[in-house]
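Asker: First the structure, then my questions, so here it is.
Read the figures in this text as sums done on the coordinates, not as results from a lab. Keep in mind that what you see is a predicted model, and the values were worked out from it rather than measured. Every residue, glycine as well, gets a Cβ built from its backbone with ideal geometry; the counts of neighbours run over all protein chains shown.
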């Protein structure tokens, strides 16, 4: 029979492995769609990272978004089809491609960021700052533990 402490940890694991992420991703996608941006939350994460720094390799994007190489390849392929990113051969390493935003993607940044902020505000409504800080510290420790 499982003890109460272990049950609590299993429920926490259940929460971490998808419920909150799925709910936020769905709301983010809906909020983006409401303003005419028809991309997935996964595609959003790629654009967001490229808005921070263009010319990243697929491996750098994989690392920054915690995704595997096949997932990044699929996401970039789909973003290329939407005319939001382009691949450019890396002159220093011919095995790599650098990923850049198109003009269309750059134009989406402001509206997209507004929708992201709206999504976060909706997700955190009624949650006090202290609770948010505790959650951030806890989740950062989880990530740190698993990177070892």
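Asker: For the chain, set up a GNM with springs between Cα atoms under 10 Å and report which of 115, 58, 136 has the largest fluctuation.
Answerer: 136
Asker: Simple spin-label model, 7 Å along Cα-to-Cβ: residue 24 to residue 92 in nm?
Answerer: For the pair residue 24/residue 92, the computed spacing is 3.2 nm.
Asker: Moving on. Given 0.36 nm per residue, what is the gain on full extension from residue 104 to residue 60 after removing their alpha carbon distance, in nm?
Answerer: Contour length minus Cα-Cα distance gives 13.6 nm.
Asker: A follow-up question, please. For the chain, with a Gaussian network of springs between Cα atoms less than 10 Å apart, report the residue from 137, 88, 35 with the top mean-square fluctuation.
Answerer: The residue that fluctuates most here is 137.
Asker: Pairing the Cα long axis of helix 20-34 with the longest principal axis of the chain, what angle in degrees results, from 0 to 90 and rounded to the nearest 10?
Answerer: Approximately 40 degrees, to the nearest 10.
Asker: Anyone know which of 77, 38, 133 comes out most mobile in the 10 Å Cα GNM of the chain?
Answerer: 133
Asker: For the chain, find the longest principal axis of its Cα atoms and tell me its angle to the long axis of helix 4-14, 0 to 90°, nearest 10.
Answerer: For helix 4-14, the angle is close to 20 degrees.
Asker: Calculate how steeply helix 69-81 sits against the longest principal axis of the alpha-carbon atoms of the chain, using the helix alpha-carbon long axis, and give the answer as 0 to 90 degrees to the nearest 10.
Answerer: Helix 69-81 and the main axis of the chain meet at about 50 degrees.
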